[in-house]
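The values are calculated or read from the model by the stated rules, or taken from the named source; none is laboratory data. Everything quoted here is computed from the prediction, not taken from an experiment. Note that we place each Cβ from the backbone using ideal geometry, even for glycine, and neighbour counts take in every protein chain shown.
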Amino acid sequence: MDNIQKLQKADEIVRNHVLWASGAGAIPLPLIDIAAVTAIQLDMIRQLSNIYEINYDESAGKHIVTALAGSTLARIGASFIKTIPVIGSVFGGVSMSILSGASTYAMGKVFTNHFANGGNFFNMDFNWAQNFYQQEYQKGETFTKEVTKKEPPKDKAEDSKSDVFRKLEEIVQLKKNGILTEEEFERKKAELLAKI
């Protein structure tokens with residue numbers, strides 16, 4: 001695969017994960033949305049590392065995601081807004097959805113650029129990465145609004161989407177608890193994400 005093909009594939013992966021993350025951000029359950037978005041971002045990073053033939057390191061990936069996203073207070077604040085009856089669910093879901101999509105977009109662009117320039121999980125310049133993340137985050141807000149607008153409205157699909165993200169969170173916990181192997185987890189995750 002040449003560099004142009006890698007970039008096209010990377011853009012496709014980022015776009016898909018932005019859609020999934022914005023859907024996860026709309027989950028009406030506080031904190032579960034954050035866990036689902038983090039799982040989606042780590043999956044995106046894993047797929048990007050495969051394209052650029054970088055050994056995936058989940059622990060390093062989590063560390064970088066946390067460092068780039070900075071304080072999660074805004075995300076948690078948007079998540080907790082959902083606890084306010086009726087209004088909180090609507091406003092919290094909308095803000096968390098856009099925030100989740102924009103963050104995923106920016107994260108994807110940072111890793112794509114870093115990997116394309118020969119970087120790996122252990123040689124990232126965090127000053128550059130944080131500046132680039134902030135710059136791309138602004139673009140990510142617009143991108144998220146545009147791509148989610150193009151998606152057709154899904155009435156019945158919304159319930160099934162929430163089910164998918166709830167099940168995604170469950171399998172993440174099962175893997176953490178050692179009940180699912182890496183292979184079982186990846187297979188189940190692929191099945192669930194294909195339903196979105």
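Take the residues in the range 120-142 that are free of Cβ contacts under 8 Å to residues at least 12 places away in the same chain and either part of a loop (DSSP other than H, G, I, E, B) or hydroxyl-bearing (Ser, Thr, Tyr) (or both), then tell me which one is farthest from Glu53 (Cα to Cα). So, considering only residues that are free of Cβ contacts under 8 Å to residues at least 12 places away in the same chain and either part of a loop (DSSP other than H, G, I, E, B) or hydroxyl-bearing (Ser, Thr, Tyr) (or both), the one farthest from Glu53 (Cα to Cα) is Thr142. Scanning the range 125-177 for residues that are buried (at least 18 other Cβ atoms within 10 Å of the Cβ) and assigned by TED's automatic domain parsing to the domain that holds Ala106, which turns out modelled with the lowest pLDDT? Per the criteria, the residue is Thr144. Can you tell me which residue is farthest from Lys62 (Cα to Cα) among those in the range 179-196 that are at pLDDT below 75 and either exposed (fewer than 14 other Cβ atoms within 10 Å of the Cβ) or touching an Asp or Glu at 6+ places or on another chain (Cβ under 6 Å) (or both)? Per the criteria, the residue is Lys195.
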